[in-house]
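See below for the structure under consideration.
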Amino acid sequence: MHKPGRRNAKGTTSATDDRGPAVPPATAGRPRGVDVGPFPSSRRLVIAAERAGRRRAAMHSLVDLDVTTARNLLDASGRPLSFTAFVVASVARAAAVHPQVHAYRNWRGRLVRHHHVDVTTLVEVATGQGPFALPQVLHDADIRDVPDLTAQLRATKGDYAATGTGRMLDRFGTTLTWIPGLVPAMWALLGRSVRLRQLTGTVAVTAVGMFGAGGGFGIAPLALMPLQVVVGGVTERPRVVDGRIEAREVVDLTVTLDHNVIDGAPAARFVAELRRLIENAEVLREPDDTEGHPDRSG
């Protein structure tokens, strides 16, 4: 049965009937529908990791850093070096100077500080369930150079099954998510066990800027790591250099720390050290590769 049309704000009417609103003419020829399928087990692992971090008190610092010098040195190196590897090396060296930023509590509630810095970063790989951000641990990142870190990241991208985390994902990733309580228990164990931390790291670096143009800050919840750095995009922005305004390349970083184990003042000192390392491109100025680049001596 046809119902009378309703008058809208402009005084015109739109016809409706018992079958619902009229279909706009522009979409009349397009079929409508939905696809329903299983929820990827890999996403269940991500959800469990986020839930494991809910007990942490996240403290965020949003910083934009001038990376013009670093980008120029990366381009001039003559090798395809990873910008993510450069950030990882810089974060690791800053964390080595300020070890309290990636400290955590063990099972007995005692504070644990590592004498080394192992950084976990995410490498997008193709799996049977679609793209997956695979955690890759870069051990001793505070004393490794950018070419070495780049090689490991690219090897993981090329053959993720050759890595320990890749083999675990293939063998146990689906099974773990379907055993009630197993994944939360696993994350709880990873969060407190000093022995497992030697394998999984205490610092996380996530590069989201490579997936889209433009700048911006990515704020992610703390998961297992007490120190997490999210790398945004790189854009040109005006900066004051030697009293003059110049167009410079700037990256947005979100630094997140666990406020349960560190206060604002030491966190600020860590961020200041990280700024110095990145803006001066310190990890690209090391003795084995300084010739032929006069701007490295500054």
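The values are calculated or read from the model by the stated rules, or taken from the named source; none is laboratory data. Just so you know, these numbers come straight off a predicted model, no measurement behind them. Methodologically, a virtual Cβ is constructed for each residue, glycine included, from the backbone with ideal geometry; neighbour enumeration extends over all protein chains shown. In case anyone asks, the SASA skips ligands and DNA or RNA and just uses the protein heavy atoms, side chains included. Shrake-Rupley method; radii C 1.70, N 1.55, O 1.52, S 1.80 Å.
The table below gives the values:
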{"item": "Whichever residue in the range 62-106 is in a helix (DSSP H, G or I) and basic (Lys, Arg) and, among such residues, is most open to solvent (accessible area, probe 1.4 Å)", "result": "Arg71"}
{"item": "Total residues in the range 218-250, condition in contact with a helix residue (DSSP H, G or I) (Cβ under 9 Å, 6 or more places away or on another chain), aliphatic (A, V, I, L, M) and not in a strand (DSSP E or B)", "result": "5"}
{"item": "The range 76-121, residues that are small (Gly, Ala, Ser), over 17 Å from the mean Cα position of the chain (by Cα) and within 10 Å of Ala141 (Cβ to Cβ)", "result": "Ala96"}
{"item": "Residues located in the range 109-129, provided they are open to solvent by less than 20 Å² (accessible area, probe 1.4 Å) and either modelled with pLDDT under 85 or in contact with an Asp or Glu (Cβ under 6 Å, 6 or more places away or on another chain) (or both)", "result": "Val117, Val123, Val125"}
{"item": "Asp145 being open to solvent by less than 30 Å² (accessible area, probe 1.4 Å), at pLDDT 90 or above and touching a helix residue (DSSP H, G or I) at 6+ places or on another chain (Cβ under 8 Å)", "result": "no"}
{"item": "The range 229-268: number of residues that are surrounded by 15 or more Cβ atoms within 10 Å (Cβ to Cβ), closer than 30 Å to Val112 by Cβ and charged (D, E, K, R)", "result": "1"}
